[in-house]
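The values are calculated or read from the model by the stated rules, or taken from the named source; none is laboratory data. Since we're looking at a predicted model, the values are computed, not measured. Cβ atoms come from the backbone with ideal geometry, glycine included; neighbour counts cover every protein chain shown. Keep in mind that these areas ignore ligands, DNA and RNA; they rest on the heavy atoms of the full protein, side chains included. Shrake-Rupley method; radii C 1.70, N 1.55, O 1.52, S 1.80 Å.
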Amino acid sequence: MNESSQPDSPTPAGVAPSSVVIERAAGNKVAWRGSTPALLVALLALGVAAWQWYDGRAEIGALRQELAKKLADSDTQSKESRLIAEQVREAVAEAQVKLGVLESRLAESQNQQIALEALYQEVSRNRDEWAYAEIEQSLFIASQQLQLAGNVKGALIALQTADARLQRMDRPQLTALRKAINRDIERLKAAPHVDTVAISVRLDGVIVQVDRMPLAMESRPEQEQPAAAAEESGGNLWTRFWRDTWAELKQLVRVQQMDRPDVPVLAPAQAYFLRENLKLRLIGARLALLARDSASYKADLKAARDWLNRYYDTGNNNVAHALGVLRGLHDAEVSIEPPDISATLEASRGMRISRERGAAAPGR
């Protein structure tokens, strides 16, 4: 056995102790050099593991932040949808109240018309009384058309009918009434006209198209037009095979340039309520038109246009057409104050009072 395997053996005679220490130190240095690569590999593996742990933790943190942001955005959109729905419900409730008032006025008008018809039946034996009843009914219809519906055209027709009836009667005592009617006819001709029927029809057309108009998130890039039949049939078998393979590969990835990078993404339920709320807005605009409420009418149309621009595909023909219709209707003025024909009504009442006095005079 050598000296290295017997470290506790006594120092041989004639050998200095310092030489033994030197030999042992040299042996330890050789052992340290042999273990250095393994230590470096271990340190490198530990560094890689630490870097992967840190990178994974950063990615998980980023994913958590993104998920929290999306949840917050979804909650905000849901709150906005509920707020809009509540506002629409309030607007519909107000419109229903106004519609109830209009219906009550129309009921009063119908009751008055029934009363006039009863009066018409009572005086049918006298030709003059018959004609007077027709004139009063025409004037009453003209007044109701102006007060309830703002229908200048209908009121003008009623006044012209009354004037034609008075002209056929040709009585001197009716001259004052004819002058008042002619003055009101000229005022009605000069007054601006609001075609509520045409506006309502155009609004109904947009309401019908709401379910057919695509949302912005549903838009897709246009498909490439197929090649000509001659190109498809040309070339050898390998050429057609590679062309078909390339066409299929191009369908896997699509690159589309978005005109609006902030296109809102809606859930199916949100898309449904968006369409229904848009319909309610347009219906509210139609009710405001009938009530001649210009502020509500323009507010509903503006809200409908904003929703179309934000949530719908403005590149679609139906959406573009609806935007054009709403823009034109928004610019139309619907709160025109109808002319006052109270002078004609007063003249008609005066004529009736004079006629009643004349009929009661012979009986005294």
Span per principal axis, largest first, for the Cα atoms of the range 140-192 (Å): 34, 19, 13
Given R₀ = 56 Å, FRET efficiency for T239-A42 by Cβ-Cβ distance, to 0.05? 0.45
Which distance in nm do the two modelled labels at V197 and V265 give, with both placed 7 Å along the Cα-to-Cβ direction? 5.0 nm
Quick check: with the 1.4 Å probe, what order do M217, M169 take by accessible area, largest first? M217, M169
Sequence-distant residues sharing a close amide H with N151 (under 5 Å, placed H): L146
Area accessible to solvent at W130, 1.4 Å probe radius, in Å²: 80 Å²
Could you please state how large a percent of the accessible area of the range 53-164 is carbon and sulfur, counting protein chains only and using a 1.4 Å probe? 54 percent
Show the residues, 5+ positions off or on another chain, whose built amide H is closer than 5 Å to the amide H of D313. L215, A216
Could you derive backbone 3J(HN,Hα) for the range 298-306 from the dihedral phi with the Karplus parameters 6.51, -1.76 and 1.60 (θ = phi - 60°), listing whole Hz in sequence and x where the residue is Gly or Pro? 6, 5, 5, 5, 5, 5, 5, 5, 4
Go through 299-308, 79-88, 343-352 and give me the packing order, highest mean Cβ count within 10 Å leading. 299-308, 343-352, 79-88
Which residue, L188, G61, L39, has the largest displacement toward the positive end of the dipole of the range 36-194 when charges sit on each Cβ (Lys, Arg +1; Asp, Glu -1)? L188
Report ³J(HN,Hα) in whole Hz for each residue of the range 347-356, in order, from the Karplus equation J = 6.51 cos²θ - 1.76 cosθ + 1.60 where θ = phi - 60°; Gly and Pro get x. 5, 5, 5, x, 5, 5, 5, 4, 5, 5
Using just the C-alpha positions of the range 265-356 as equal point scatterers, what log10 of I(q)/I(0) does the Debye formula give at each q in 0.11, 0.15, 0.19 1/Å? -0.47, -0.66, -0.90
Rolling a 1.4 Å sphere over the protein heavy atoms, what is the accessible area per residue of the range 127-179, to the nearest Å²? 50 Å²
Subtracting the Cα-Cα distance from 0.36 nm times the residue separation, let me have the gained length for E333 to D306 in nm, one decimal. 7.7 nm
